Amino acid sequence: MSLAALKAHADRLGGASLRDIVDGRGPALSDWVFSAAGIELDLTKQRLDADALASLLEAADSLELAHHRDTLLSGGVVNPTEGRPALHMAYREGAKISGTDAADLVARTQAQTREFAQAVRSGTYQPSGKAITRVVNIGIGGSDLGPRLIADALAEFADGGPEMRFVASLDPSDLRLAVDGADPETLLFIVASKSFSTQETLMGAEAARAWLSAHVPADRLGGHFAAASAAPQKAAAFGIPAERVFDFPDWVGGRYSVWSAVGLSLEIGLGPDVFAAFRAGAQQMDQHFASAPLAENLPVLKGLIDAWNRVALGYPSRCVAAYSARLGKLADYLQQLEMESLGKSVTLDGAPAPTAGGALVWGGAGTEIQHSFFQWLHQGKDIVPVDFIGVKRHFASADARERALAANMAAQGAALLDGRQLSEADEGELASHKSMPGGRPSAMLLLDDLNPQTLGALIALHEHKVFVEGVVYGINPYDQWGVELGKVLTAGILKGETKEYDASTKALLDRTGFGGW
Ligand code: F6P
């Protein structure tokens, strides 16, 4: 983003009254509400006006955003440090990439996972003579957070499918609880790992195999495992038969992979049709992203506004407040999607990035979060833009609790915007304690209803808005070299290479009697 061009706007608007900006929109207020694919994006409470937005869109033009978008959507190399395209859109239901190798592979894998999911759901797949009643996904990061979020979000669509459980942690209790109470002969473990070499996942899978071997004879063990991986030889070496190792190609980034075979636990637990509807919703958002004018394009606008807040106004974090019990894991999911993608400090050609990268993303589910960290949002010194994610139907629901949920969300947006100024004359010495500064911007993303289509569209919207921010910051959103160092150091610690470490780390290992070597 050309800071120089936007600085004047930020100087003008940064300290202005947000109430004045918002009320000043007048009849044009509705121009700040955009819709596509069953989602309404309300930007009316953002700290910018029409002139600043026009400058942002000009900046997008000068960065050739539309050209970069077309490169992404046509399978160009958008991940130059790994020499790859980012083709997760190929998995969306109805995606138009026919004729390419990727299309063939996607069609083949989707037919395989659908058939397997149906066999498991119908009870015809019986590795130990009993139907599967629980699937346990073992994976971490992108091989965990997507399936975990969607399993929760769409739980009411499962229609009697096997239970879905998730194991990501090295803490043995995670696996213990995931299998607790289950008949081992009715369990299916899915090892989701592109590399099939991630420590947490491999140790979890080995522990699962060891546990299961106490209950199931060795010749039946492999029947209780399936995998999604780009390393089929490693999965085979682990003991998973080739027909149940589903392709997770290297041109699908981990945090963009929920649409692929990584979603196998969902395809089984929720059913292939629900999973397909989820992918179809994402495809609607892809089409919108590909064809809507930039000034009406939800992912483009959201990406530009988030960059505006981060870079021009200097807000270092963004809070995701989902007003739905079913979306309680949305903030965790977006945290990885955005922070692993945009937490970079060099441009595509390796030069120091001229601006900050993406914001710190955090949040939770409302109204519970109102009783935990919202105090800090209202009266803390830092300004944090909030994204409220809600369900439009709730506003006019016949259910009083749904209406109350919507009212709470609306009230929080208004409270953050306006704050509360109390005079000492009325409140006495507590006036300053009870006052709230306001002036805190928020956006609202309203799903028509929470269903597979709108959820798919919501996730795709965020994937694309991350891409837009990547273009603005000039960085590569598809690599994640920053997570490597910790992996190398862990391996060194486990091997006992203590001389490599700083005095503090070495002392910690000595003091605690570390048993790794
Ligand atoms: O945390 C780094 C990371 O590489 C993520 O990007 C990825 O989703 C996760 O690890 C798991 O990787 P894999 O699927 O190869 O096990």
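Some values worked out for this structure:
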| quantity | calculated |
| --- | --- |
| Failed condition for Asp306, given (1) in contact with a Phe, Trp or Tyr (Cβ under 8 Å, 6 or more places away or on another chain); (2) over 30 Å from Ala111 (Cβ atoms); (3) not small (Gly, Ala, Ser) | (1) |
| Ala276 being within 28 Å of Asn137 (Cα to Cα), assigned to a helix (DSSP H, G or I) and away from the ligand (no atom under 16 Å from the Cβ) | yes |
| Hits in the stretch 185-206 (condition: more than 8 Å from Gly139 (Cα to Cα) and near the ligand (Cβ under 10 Å from one of its atoms)) | Lys194, Ser195, Phe196, Ser197, Thr198, Gln199, Leu202 |
| The stretch 342-371 residues that are more than 20 Å from Arg255 (Cα to Cα), paired with ones that are charged (D, E, K, R) (beta carbon under 9 Å, 6 or more apart) | Ala353/Lys344; Thr355/Arg310; Ala356/Arg310; Ala365/Arg326; Ala365/Lys329 |
| Only one of Leu294, Leu212, Leu264, Leu270 that is crowded, with 24+ Cβ neighbours inside 10 Å and away from the ligand (no atom under 16 Å from the Cβ) | Leu270 |
| Residue check, Ala205 surrounded by fewer than 16 Cβ atoms within 10 Å (Cβ to Cβ), modelled with pLDDT of 95 or more and closer than 27 Å to Leu494 by Cα | no |
| Any hit, the stretch 241-255, residues being touching a Pro at 6+ places or on another chain (Cβ under 7 Å) and within 16 Å of the ligand (Cβ to nearest atom) | yes |
| Flag if Arg420 is over 19 Å from Ala312 (Cα atoms) and modelled with pLDDT of 95 or more | no |
| Some residue of the stretch 162-175 being buried (at least 21 other Cβ atoms within 10 Å of the Cβ) and basic (Lys, Arg) | yes |
| Residue match in the stretch 190-199 (condition: in a helix (DSSP H, G or I) and either within 17 Å of the chain's Cα centre (by Cα) or on the phi < 0 side of the Ramachandran plot (or both)) | yes |
| Residues of the stretch 353-373 satisfying the condition of being more than 22 Å from Met409 (Cβ to Cβ) and out of contact with any strand residue (DSSP E or B) (no Cβ under 8 Å at 6 or more places or on another chain) | Pro354, Thr355, Ala356, Gly357, Gly358 |
| Options Asp273, Asp250; residue that is modelled with pLDDT under 95 and among the charged types (D, E, K, R) | Asp250 |
| Qualifying residue in the stretch 487-497 (condition: touching a residue at least 24 places away in the same chain (Cβ under 8 Å) and under 29 Å from Gly38 (Cβ atoms)) | no |
| Residue among Gln453, Gln480 that alone is polar (S, T, N, Q) and outside the structural domain of Leu298 (by TED's automatic domain parsing) | Gln480 |
| Neighbours by Cβ (under 6 Å, 6+ apart or cross-chain): first from the stretch 27-39, without any contact (Cβ under 8 Å) to a residue 24 or more places away in the chain; second part of a strand (DSSP E or B) | Val33/Asp42 |
| Residues (assigned to a strand (DSSP E or B) and either away from the ligand (no atom under 15 Å from the Cβ) or of a type in the set (Asp, Glu) (or both)) located in the stretch 154-170 | Glu163, Met164, Arg165 |
| Total residues in the stretch 99-153, condition part of a helix (DSSP H, G or I) and away from the ligand (no atom under 16 Å from the Cβ) | 24 |
| Spans of helices (runs of 4 or more DSSP H) in the stretch 415-517 with at least 3 residues over 30 Å from Pro299 (Cβ atoms) | 424-427, 431-434, 484-495, 503-511 |
| Test: Ala182 is away from the ligand (no atom under 16 Å from the Cβ), in the same structural domain as Tyr125 (by TED's automatic domain parsing), surrounded by fewer than 21 Cβ atoms within 10 Å (Cβ to Cβ) and more than 28 Å from the chain's Cα centre (by Cα) | yes |
| Residue that is surrounded by the fewest Cβ atoms within 10 Å (Cβ to Cβ), among those in the stretch 215-233 that are within 16 Å of the ligand (Cβ to nearest atom) and closer than 24 Å to Asp171 by Cα | Phe225 |
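The values are calculated or read from the model by the stated rules, or taken from the named source; none is laboratory data. Quick caveat, the model's predicted, so the values are computed rather than measured. Glycine also receives a Cβ, built like all others from the backbone with ideal geometry; neighbour counts cover every protein chain displayed.
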